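Report on the following structure.
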Amino acid sequence: MRVNLSGVTKRYGEREVLKGVDFAVHEGERWALVGPNGSGKSTLLKIISGAEEADSGDMARARGLKISTVSQEDLCRVGSSAASYLLEAFREVTAKEAALEALHQAMASGDDGAETMEEAAELQEWLHHHGAYTYESEVERALLGMGFRKRDWERPCSSFSGGEQMRLKLAKAILEPSGLLLLDEPGNHLDSSQRSFLALFLQEEGKTFVVVTHDSELLEGAVDHVACLMDGRLYSFRGDFSSFEVQIAEMQKSREKAYEQQQAFIARTEEFIRRYKAGQRSKQARGREKVLGRIERIEAPFKAPQGFKLRLSFDEISGEDVLSVRGLVLPVGLRSLSCPKLDLRRGNKVALLGPNGAGKTTFLKAIAAESGARSGEARWGTNVKIGRYDQHQRFLPDDATLFSAIAGLMANSTREEVMTHLGAFGFGGSRAGQMVGSLSGGEKARLHLLAVLLARANVLLLDEPTNHLDKEALAIVREALRGFKGTIVVVSHDRDFLGAFCTHTWAIAGDNVVAAAGFDPGLGAGAAEPREERAAPSPPKVQKTERRQEGLSKNERFRLEKRHEELEKEIAALGAEKAAAERRFQNPDSVVTEDWRELTGLYEDIKARLASAEEEWLAVVEKLETQE
């Protein structure tokens, strides 16, 4: 058993977030932790990791258990390279490698004593069982999977954007050798290819993990248990998401039925007490009153306000020309992003697209005048009031209650209207009296989004607004933006969300911002790479189009198919050589029978040749498949 929680409770002010939670994670189990917004999922992870203490209950961890989770470290101050930062996950392995190398040098100098030989053999055995021969390739795999190309690997961590730094920290967390991996909404900063990598990694690596997510697709096929946290109680289910959805639906039906039956019983009992409390049956009435006082109330099943619609409005109509960008050049990491000309008209709803790290957030900050440009300008039109959402920004006071913070933005609204808006974003009931400062990071981001939407701005700049929303809240926000009469520029990886309301597309294509009418998720996808990192000029676009239309000639296809066959044989042979070299490493006698420097050089050469052959094989396959 990795961890075992029994009767764990946690309270923030008057709100009891966890109510006697029991939760056990055994070795090899892979858990998804789900539940409505604000149900306490992040709090539960923090208690398991030791970042927070429970108010009561017991928690036991396996002796010597190492827990891996995403670091809170600020990488803006880290000067080491991206590759070096990830290699820190294997610092114990590298330390023992250095110790073994020192012993080899001692042995080469004539120290062949039994104690030295025994120590070297023990280190060799330990390294064999702790991934000493694979960790460098694992680091490379993680860097590529998280969207970092080889040219980025030696860049200092401080030079990356906030989203890129989050991906580096996530990569380090999943690489670290540990007995338990804890991740809280890891898909928030990932695009589709990076999400696919993370899903495949979790499926293949066999780690014991607990992952908080709103997105079942991220973990589909990777989990064998699902825990659902609702109303402070934890419900555990064996099986994958498909099985969970069936089981939770049945449980919800039973819960709703039990709630309705209890409410009917309470209503009948209260009516009996009211009618007979002062009459001949007063003794019976008092008895029933005691029964009602002792009964454990079933909480109402959580439901978003039925039929609720978030209506966004503003006080003043902006001018027709909302934004004019001319000759804007922005620093993005080690390169420059150029926007020669861009115009935003009143009523435009723009999707800002581009791969992670391309500069979308930098561009939003620049047009909002939150960061400087190297040259050019972004000029706003008349009567423009901007509402900007960044999931890391906060402007609501920590010492205000949720109710007062939102009520202050809803002039002339009733208490019921304010409560309904809070409930739609997961802050219903008694949570309205909670202090803003007591919220988790994700909860603050969600409250901040609600505040921005209610700020009566006629221009909304939204950077990943969907990251902390469950399905119900996501639908409410999507419909609100669809009906908004103002102007929007929004960054999101959720193409379905964008496609529901966006009328225009801006895309970061290499070093430039390009624009098109309509929602075009493919805009800029075929663009050249950034200037300073471009390997070679691509052939003219016309030539590529003509080539695609003509297809491959018979001779070209024959040549590619022949090369494909040769590469498959070469990859198989190199794979066998690599396995043979690894077996030589793993042989306990190798500490005396092998020249380790020579063997390490041979192993690295095989890896390089294998990587080159695999890259060429992928290129050949792509040519064959795209020219069908």
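Cβ separations smaller than 7 Å between residues 6+ apart or across chains give the following pairs from the stretch 374-390 residues that are free of Cβ contacts under 8 Å to residues at least 60 places away in the same chain to residues that are of a type in the set (Gly, Ala, Ser): 374/336; 375/327; 376/327; 378/366; 379/324.
Any idea which residue in the stretch 15-62 is nearest to residue 2 (Cα to Cα), counting only those that are outside any loop (DSSP other than H, G, I, E, B), open to solvent by 50 Å² or more (accessible area, probe 1.4 Å) and among the aliphatic types (A, V, I, L, M)? Ranking the candidates gives 60 first. The number of residues in the stretch 477-491 being surrounded by fewer than 21 Cβ atoms within 10 Å (Cβ to Cβ) and either modelled with pLDDT under 90 or of a type in the set (A, V, I, L, M) (or both) comes to 1.
Selection over the stretch 140-170 of residues that are closer than 14 Å to residue 193 by Cβ and either of a type outside the set (A, V, I, L, M) or assigned to a loop (DSSP other than H, G, I, E, B) (or both) gives a count of 7. Close Cβ contacts (under 6 Å, 6 or more residues apart or on different chains) running from residues in the stretch 133-156 that are closer than 19 Å to residue 335 by Cβ to residues that are among the small types (Gly, Ala, Ser) and assigned to a loop (DSSP other than H, G, I, E, B) comprise 156/79.
Condition first: closer than 18 Å to residue 425 by Cβ and surrounded by 15 or more Cβ atoms within 10 Å (Cβ to Cβ). Can you find one or more residues in the stretch 352-366 that meet it? No: zero hits. Restricting the stretch 259-291 to residues that are of a type in the set (A, V, I, L, M) and at pLDDT below 85, the residue that is surrounded by the fewest Cβ atoms within 10 Å (Cβ to Cβ) is 278. Restricting attention to the stretch 444-476, the residues that are out of contact with any Ser or Thr (no Cβ under 9 Å at 6 or more places or on another chain), surrounded by fewer than 22 Cβ atoms within 10 Å (Cβ to Cβ) and among the basic types (Lys, Arg) total 2. Pairs linking a residue in the stretch 503-526 that is free of Cβ contacts under 8 Å to residues at least 40 places away in the same chain and part of a loop (DSSP other than H, G, I, E, B) to a residue that is among the polar types (S, T, N, Q) and surrounded by 20 or more Cβ atoms within 10 Å (Cβ to Cβ), with Cβ atoms under 6 Å and 6 or more positions apart or on different chains, are 520/505.
Let's see how each residue does on (1) open to solvent by 50 Å² or more (accessible area, probe 1.4 Å); (2) on the phi < 0 side of the Ramachandran plot:
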| position | (1), (2) |
| --- | --- |
| 382 | yes, yes |
| 390 | no, yes |
| 395 | yes, yes |
| 398 | yes, yes |
| 402 | no, yes |
| 412 | yes, no |
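Within the stretch 195-250, restricting attention to residues that are more than 19 Å from residue 172 (Cα to Cα) and among the acidic types (Asp, Glu), the residue that is surrounded by the fewest Cβ atoms within 10 Å (Cβ to Cβ) is 250.
The values are calculated or read from the model by the stated rules, or taken from the named source; none is laboratory data. Source: prediction; values computed, not measured. Here the Cβ is made from the backbone with ideal geometry for all residues, glycine too, and neighbour counts use every protein chain on show. These area figures cover heavy atoms from the full protein model, side chains too; ligands, DNA and RNA do not enter into them. Shrake-Rupley method; radii C 1.70, N 1.55, O 1.52, S 1.80 Å.
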